[in-house]
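Below: the structure, in structure tokens.
The values are calculated or read from the model by the stated rules, or taken from the named source; none is laboratory data. A quick note: this is a predicted structure, and the numbers were derived from the prediction, not measured.
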Amino acid sequence: MDENRDEHVQPQDEAHRNSPKAAAGDEAGTANAAAGAEAAGGHEACYWNDKKYSDGATVCDAHTRYKCWNGKWVEIGLC
């Protein structure tokens with residue numbers, strides 16, 4: 001995906017609905033959970049400041065790129 005197409009978002013605000021960010025080093029566990037959910041036919045959406053994003057969507061927050069994987073935001077690089 002072209003990095004220029006990522007939606008630039010404001011930092012998560014605790015007053016709004018937000019999906020959790022995967023902890024550093026959790027990428028493998030999150031990827032395994034996402035693969036299991038995909039095999040079962042489920043794709044959980046993610047929320048960022050009350051906005052719903054589909055599984056696989058990417059956003060950019062403070063030069064960090066996150067991807068929605070089965071209901072969690074996983075850091076995937078820079079934007």
Odd one out for A15 among (1) at pLDDT 95 or above; (2) closer than 18 Å to I76 by Cα: (2)
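Determine if the range 28-44 includes at least one residue that is at pLDDT below 65, part of a loop (DSSP other than H, G, I, E, B) and charged (D, E, K, R).
no
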